[in-house]
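Data first, discussion second: the structure below is written as structure tokens.
The values are calculated or read from the model by the stated rules, or taken from the named source; none is laboratory data. Quick caveat: nothing in here was measured; it's all calculated off a predicted structure. Every residue, glycine among them, receives a Cβ derived from its backbone with ideal geometry; neighbour counts consider all protein chains shown.
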Amino acid sequence: MLNRLEMLRIFCAAADTGSFKDAAIRLGISPQAVTRAIQELERLQGEMLFHRNTRQVRITSFGEALAERARASLRDLDGLFETDTASPADEMSGLVRLAAPSSLGRSRLLPIVERLAQAHPGLRFDLRLTDQRADVVGEKIDIGIRVGTVPDNRFVVRRLGKVRFYVVATPRFLRRHGTPEDTEALRALPCTAMLDRGTGRPWPWLFAQENQWMADHARFLCDDSEGEYLLVRSGVAIGQIAGFLCEDDIAAGRLVPVMTDHEPDPWDMYLYRPQRGPVPPRLRLVFDTLVREFAE
């Protein structure tokens, strides 16, 4: 049995040619297939679409009205699959959903998004900046940046670089409290910790050889990495901070890394796209731009 879309195509061909035979030739099917399609469509509509006799067929007034509506609907449907190569700028429009860690998103991602928005006024952006793991499927994320493990081996992934983690404090803090040499010494110091909303507990601090230390006694518990960094930079606590936040301060002497012999291996930072199928031009543009900009 023909589907309804195919019946409409056959009906429109018969209406345009005024002949079931000519419609069959145009579509490359048999005249009997045209007749069956018209009969089924008449049954579904409950109206005659053509007057028939042995010599000719003539479309009814109801058939003419239906044909006009059907042609418009088929044009709209066919338009979904047409690519207008004459105006590629028009393709750079639509929504792009982006996810990134909050501090990295504010410092590195937002300036890139601003430049893309200026260059392509048709683009719209939905930004999810959070240090919690994004629900890629539930939030319909198109492109994301993540530090750590690959979320799904079906994702398209490009590595952007490495992120180091430093235990740091201000020179004033270290003069007042002393410089810790190991995790036992850390327990005596006011420190920070990042909250894992999924468990309600702090994330562990990371050290060499995959060792971890739980800052259960943390004086400052925070769910935002930039907020944690600002607390450490203010001199009220010691903390473990990602390099992209604190390396400028270390170079300038505003923060001092300690326990460097215990520093963990750097983590990968990568860009991911959850779909391996066809990529709309707007997503390809944003993905390739982020790869290029972060490489620079």
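Overview of results
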{"item": "Tabulated pairs, the stretch 117-131, first assigned by TED's automatic domain parsing to the domain that holds Arg284 and within 18 Å of Ser107 (Cα to Cα), second crowded, with 17+ Cβ neighbours inside 10 Å and of a type in the set (S, T, N, Q), C-beta under 9 angstrom, 6+ apart or interchain", "result": "Leu129/Ser102; Leu129/Ser103; Thr130/Ser102; Asp131/Ser102; Asp131/Ser103; Asp131/Ser225"}
{"item": "Set Leu255, Leu290, Leu283, Leu230: member being under 21 Å from Leu129 (Cα atoms) and assigned by TED's automatic domain parsing to the domain that holds Thr192", "result": "Leu230"}
{"item": "Single unsatisfied condition, Leu195 versus (1) part of a strand (DSSP E or B); (2) under 20 Å from Asp265 (Cα atoms)", "result": "(2)"}
{"item": "Residues of the stretch 198-210 classified as surrounded by fewer than 16 Cβ atoms within 10 Å (Cβ to Cβ) and either touching a residue at least 40 places away in the same chain (Cβ under 8 Å) or outside any loop (DSSP other than H, G, I, E, B) (or both), total", "result": "5"}
{"item": "Condition check for Ala23: in contact with a strand residue (DSSP E or B) (Cβ under 6 Å, 6 or more places away or on another chain) and under 15 Å from Ala70 (Cβ atoms)", "result": "no"}
{"item": "Pairs with Cβ under 6 Å, 6+ apart, first in the stretch 52-75 and charged (D, E, K, R), second surrounded by 14 or more Cβ atoms within 10 Å (Cβ to Cβ)", "result": "Arg71/Cys12"}
{"item": "Whichever residue in the stretch 211-224 is buried (at least 19 other Cβ atoms within 10 Å of the Cβ) and not in a strand (DSSP E or B) and, among such residues, is modelled with the highest pLDDT", "result": "Ala218"}
{"item": "Residue in the stretch 268-277 that is among the basic types (Lys, Arg), assigned by TED's automatic domain parsing to the domain that holds Leu129 and in a loop (DSSP other than H, G, I, E, B) present", "result": "yes"}
{"item": "Answer from Arg158, Arg187, Arg172, Arg164 - the residue that is of a type in the set (D, E, K, R), surrounded by 12 or more Cβ atoms within 10 Å (Cβ to Cβ), out of contact with any Leu (no Cβ under 8 Å at 6 or more places or on another chain) and touching a residue at least 60 places away in the same chain (Cβ under 8 Å)", "result": "Arg164"}
{"item": "Where Met259 falls short, out of the listed (1) on the phi > 0 side of the Ramachandran plot; (2) surrounded by fewer than 13 Cβ atoms within 10 Å (Cβ to Cβ)", "result": "(2)"}
{"item": "Unique match (being under 11 Å from Val168 (Cβ atoms), surrounded by 14 or more Cβ atoms within 10 Å (Cβ to Cβ) and at pLDDT below 95) among Gly227, Gly243", "result": "Gly243"}
